[in-house]
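One structure below.
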Amino acid sequence: MQPKEIAFVILLSVFITCLAFINIVSAKLWTFMGLTISGGIMAYWLTFPITDVVGEVYGRERARLVVWLGFGANILVLGMSQLAIILPPAEIYVHQSELEIVLGAVPVIVFASLTAYLCSQTHDVWAFAFWKRVTKGRHLWLRNNLSTFTSQLIDSVVFNGIAFWALAAQPVPFDQLLVMTLGYWFFKVCIAALDTPLVYILVYWIRKLDSNTQP
């Protein structure tokens, strides 16, 4: 296997690992400047620069493949998690209730999460390719940020709109929903702005690997 393809496998592995991690730690909530944030944000921010790097080096179709493989991995992890929950616990196992709290899936939240993932990641791939054409392949920092910022907004709007308003048993008032969504998006944008050096490093590394293998 060529070094460039090995690099792709590494990026794909990190991408899927991040999604699996999100499914496990999303139940953990923490507070930052008044915002209640899921622990999964620690890994979710990394998925967008990965698709941007893949789109930059390998092309749009390969980036779309990463998104769909990630979606499939999401489904598999959720399914295996629920199977682990419904297996009858041994008499000596006393942490069944804790396991259900951590891995238990709320249908509305799962639906909102998967829908937001597909919408935001698909848009990110499209937007990055669009801005690449507009800029004629220049200004990687601009393309990375424009595609990520809009994709993160879509992710926040779709998830919060479904989970806490459209399908919620007790919908959050619209004004509160708007504040929560914009605040969450702003937090993710601040994190995303910091990933630009990582994108440059990864793109340089993969292209360096590729140039070293050229005859």
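A few remarks follow.
- Alpha-carbon centroid distance for the pair region 184-215 / region 110-180, whole angstrom: 20
- Förster-model FRET efficiency, 35 Å R0, Ile10 and Glu91, C-beta, rounded to 0.05: 0.25
- Stokes-Einstein D (µm²/s) once Rh is taken as the Kirkwood radius of the chain over alpha-carbon pairs, at 20 °C in 1.002 mPa s: 116
- Kirkwood Rh, Cα atoms: Rg over Rh of region 95-204: 1.08
- Distance between the 7 Å Cα→Cβ label points at Asn212 and Met80: 3.2 nm.
- Given the chain, longest segment not containing exposed loop trypsin sites (Lys or Arg not before Pro) (DSSP; at most 13 other Cβ within 10 Å): 29-135
- For region 3-213, the relative contact order is 25 percent, taking Cα pairs closer than 8 Å that sit 6 or more residues apart in sequence and dividing their mean separation by the residue count.
- Between 0 and 90 degrees, the angle of helix 107-134 with respect to the longest Cα principal axis of the chain falls at about 10 degrees.
- Calculated FRET efficiency for the pair Leu167/Leu65, C-beta based, R₀ 22 Å, to 0.05: 0.15
- Applying 0.36 nm per residue to the separation of Phe130 and Gln176 and subtracting their alpha-carbon distance, the gain on full extension is 13.2 nm.
- With the convex hull drawn around the C-alpha atoms of region 1-51, the volume per residue stands at 63 Å³.
Here, each number is a calculation from the coordinates, and none is a lab measurement. What you see is a predicted model; the values in this text were computed from it and never measured. Neighbour counts are summed over all protein chains in view; Cβ atoms, including those assigned to glycine, are modelled from backbone coordinates with ideal geometry.
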